[in-house]
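The values are calculated or read from the model by the stated rules, or taken from the named source; none is laboratory data. This structure is a prediction, so every number in the text was calculated from the model and none was measured. A quick note on method: Cβ atoms are made from the backbone with ideal geometry, for glycine too, and the neighbour counts reach across all protein chains shown. Keep in mind that these areas ignore ligands, DNA and RNA; they rest on the heavy atoms of the full protein, side chains included. Shrake-Rupley method; radii C 1.70, N 1.55, O 1.52, S 1.80 Å.
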Amino acid sequence: MSFLRRYSDDLSRPTVAQAGVDLSRRTLLPATALWAAIVAVGFLLVGPLGSLPGEVRINRALEASRTPAWNTLTSVSSHVGGTQLVVVAALIAVALIWWRTRQWWFAVVPVIAISVQSAVFVTAAAVVARERPEVTQLDDAPPTSSFPSGHVGASTALYITLAMASQRIGHPALRAVATGLCLLVPLLVAYARLYRGMHHLSDVVVGLANGMACAWLAWRYLRRQAVDHPRT
């Protein structure tokens, strides 16, 4: 059974209890290992590594290259990764997927992705407590620390999940456009957060990794088999 087609190859309906058990075992438990890995990287960055070589130069070069037009464009991209827009987009996606498929267990995948990402990000950021870059910041800094990037992680978790869900679109051209747009959004958010001085490069890279890992964990949260009858 194809990983991307696991919800269309197996149409069996789980109970809420079954889904909860699978979620705990297949997503939440592995997410603790993800959290530990991210915290370990964070401690290296704020400790012995003292940031990665060239990170300061990248932030200062982006600061020096700012223009009014790019300031405006990156402001829009940055807000796309904000909590409110990500939550609204996820809820809309859940409603649309549920309406089109009538599969609640599939429709909840985007919410699982952003929820797990948020839990990993918020707690890891609190533990690592990395300072933001020493450049002029164009956005108000959220209460969380710089590492990892929550904007990038949230947008990656959501839109990678939607890119995978887009593979069920029947029309090839529409499927390609939807997939491409979903994959592009996290990259735009990542660049915007760097450009606007809100994160170091490593914050953004680990944010991308966190989002991708959480999208993968959310997509596989439910056991699926290539069968045409309900699970036993």
P(r) histogram, all alpha-carbon pairs of region 1-152 included - 10 Å bins from 0, percent: 9, 28, 31, 20, 11, 1
Pairwise FRET efficiency - residue 58 versus residue 87, Cβ, R0 = 30 Å, nearest 0.05: 0.50
Cα-derived Rg over Rh, computed across region 159-232 with Rh taken as Kirkwood radius: 1.12
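Under a Cβ-only charge scheme (Lys and Arg +1, Asp and Glu -1), can you give me the dipole magnitude of region 105-232 about the Cα centre, in debye to the nearest 20?
540
At a threshold of 8 angstrom on Cα-Cα distance, excluding pairs fewer than six apart, so keeping six or more, what relative contact order does region 135-187 reach in percent? Mind showing how you got there, number by number?
Values: 26 pairs, mean separation 19.4, N = 53.
Computed value for region 135-187: 37 percent relative contact order.
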Accessible surface, the chain, averaged per residue in Å² (probe 1.4 Å): 50
Cα principal axis extents for region 1-51, largest first, Å: 50, 24, 10
0 to 90° range, to nearest 10: angle between helix 29-46 axis and the chain longest Cα axis: 10
Mean separation of Cα contacts under 8 Å, 6 or more apart, over the residue count of the chain: relative contact order %: 36
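Beyond 17 Å, what share of the Cα-Cα pairs of region 78-160 is found? Please give it as a whole percent. Show your work: numbers first, answer last.
On the way: 1730 of 3403 pairs.
Roughly 51 percent, rounded to a whole number.
Based on alpha-carbon positions alone, could you give the equivalent ellipsoid semi-axes of region 63-211 from the gyration tensor, as √(5λ), descending, whole Å?
Here the semi-axes work out to 29, 18, 11 Å.
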Between 0 and 90°, nearest 10: helix 68-80 axis offset from the chain longest Cα axis: 40
